[in-house]
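Take a look at the structure below.
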Amino acid sequence: MPRGSSDISVLRLEVLQKFMETFMSPPNLILMNIFGSSASPSSTVKWESQRGGRGMTPFVPPGAPAPLTSPHGIAQHSAEAAYWKEKMYFDEEFLNNLRKAGTSAEHQSASATLARELALLSNRSNRRKEWMYAQMLFNGSFDYAVKGGYKATVDYSIPSDHNVTLSQAYNWDDGASKNILGDIQDGKKKISDDCGGLVDLAVCNSTVLKYLANDATMRAILQKNAFGDGGLYKGNLHNIIGVNPKVLGALLDISNFVIYDERYEIRAWLTSAVSVGQSHVEVDDVSDFETGQAIRFYDASAGTYEDRTIFGITTETNMIQLSQGLSSAYKASEDYVTMGKSFIPDDKFVMMATKVDGQPIAEYKEAPFGLARHYGQFTDKNEKWDPEGVYIRVQDKGIPILYQRDGMYILDVKATAGDVISSTTTSSSSSTTSTTA
């Protein structure tokens, strides 16, 4: 009788999951690990958030009834949990070459290949979860697909005075009147004044770190005679080799100062042929592409590529407008485009008190999916009979939620032409408040 894929032991789901857990380390993702998670009873996630804190119980005479109190600035939120999944197919030829009689080395090699592919799916799924956290912490909202082909938006209602954009004169990069230390101190004080939280985490990427390292005021404070042995600079100051975030954290009295440069890649297939000189292209999905970002066109058969900048995006038609025409032609369904981007933008510096009154300010809610009501990342497989093959799939469903809206402070340190900046300045800083994301 012909052998089916179910007879090949290394394809059994429990074996695949074990390989996924032990063969490859997870990617360097930190945002999704800052806060804990819990299960939601349904796909509709409801939560309450608040502003303020530091309340104090009043005196009352003995025998008098206790006065009523409630959280300050309470707001109710509701959102459908985001759902994401994808699958990978292994055809009959691949399955037939997983094992050869009388050998073990080839069997191990195929098993390792299979494990890598499953780990790839798992890591891609985790990056989507990381992306959601990045959007919450650095933008205050994000869009995602829901049932019926619609787009939903979850807005965390971060107060406008906790989502601050510096005017051009105070840009951390080249602002003539920049005051980096003052801006950070103002953000810390704002969180403390509004909710009583102590800032214990600051996150930015290496681009923003360079602004800190090259600032004259910061350099003066961190000179050897002013701050220990000057441990901030262990290499060339201008290329920030050896910049020590721990020293910066100690200076700023922030116990966890994180420099995070992890990136993700968005890939889409061309759905129509592209001719030489063409400046607009159609792809299968534009939802994660962003205007102003670099986009790379790959010729799969020739192994070549070229880069352009995204000028505009039309969601309804999955159209991407380019800043200039292409030098080569590309084929539909064979060639593709990619966009690489950092989880943390090059212009954002975020501080937060991860706990207020001993309670985490945020959490990830896992939502049920599938007939068996799975929670969290779930992998499974499905076999095809003729021609023989097997699909491996990864699924997840959930959404990050924010309980303390004024427990974090988003600082846009480099205003661009598209930023909206109000005319109101804070009491002691050079910063100005922006509209809520």
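The values are calculated or read from the model by the stated rules, or taken from the named source; none is laboratory data. Bear in mind that the values here come from a model prediction, so they are computed numbers and not experimental data. We place every Cβ from the backbone using ideal geometry, glycine too, and count neighbours over all the protein chains shown.
Assorted remarks:
- Criterion violated by Met351 - all others in (1) surrounded by 15 or more Cβ atoms within 10 Å (Cβ to Cβ); (2) hydrophobic (A, V, I, L, M, F, W, C); (3) not in a strand (DSSP E or B) satisfied: (3)
- Test: Gly418 is small (Gly, Ala, Ser), under 19 Å from Met136 (Cβ atoms) and either part of a loop (DSSP other than H, G, I, E, B) or at pLDDT 95 or above (or both): no
- Picking from residues in segment 259-293 that are surrounded by 14 or more Cβ atoms within 10 Å (Cβ to Cβ) and of a type in the set (D, E, K, R), the one that is nearest to Asp346 (Cα to Cα) is Glu262.
Listed here are the residues, each with its yes/no results for (1) at pLDDT 95 or above; (2) part of a loop (DSSP other than H, G, I, E, B); (3) not assigned by TED's automatic domain parsing to the domain that holds Ser141.
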| position | (1), (2), (3) |
| --- | --- |
| Ala169 | no, no, yes |
| Gly175 | no, yes, yes |
| Leu181 | no, no, yes |
| Gly187 | yes, no, yes |
| Ile191 | yes, no, yes |
| Gly197 | no, yes, yes |
| Val203 | yes, no, yes |
| Tyr211 | no, no, yes |
| Met218 | no, no, yes |
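- Looking only at residues of segment 294-316 that are outside any strand (DSSP E or B) and either among the aromatic types (Phe, Trp, Tyr) or modelled with pLDDT under 90 (or both), we find that the one that is surrounded by the most Cβ atoms within 10 Å (Cβ to Cβ) is Thr315.
- If you go through segment 20-52 and pick out every residue that is modelled with pLDDT under 90, assigned to a helix (DSSP H, G or I) and not aromatic (Phe, Trp, Tyr), you end up with 3.
- Residue within segment 9-17 that is in a loop (DSSP other than H, G, I, E, B) and either under 24 Å from Leu201 (Cβ atoms) or at pLDDT 85 or above (or both) present: no
- Selected residue (only one of Gly398, Gly340 is under 19 Å from the mean Cα position of the chain (by Cα), surrounded by 19 or more Cβ atoms within 10 Å (Cβ to Cβ) and part of a strand (DSSP E or B)): Gly398
- Looking only at segment 361-395, and only at residues there that are among the small types (Gly, Ala, Ser) and more than 29 Å from Glu93 (Cβ to Cβ), the one that is surrounded by the most Cβ atoms within 10 Å (Cβ to Cβ): Ala367
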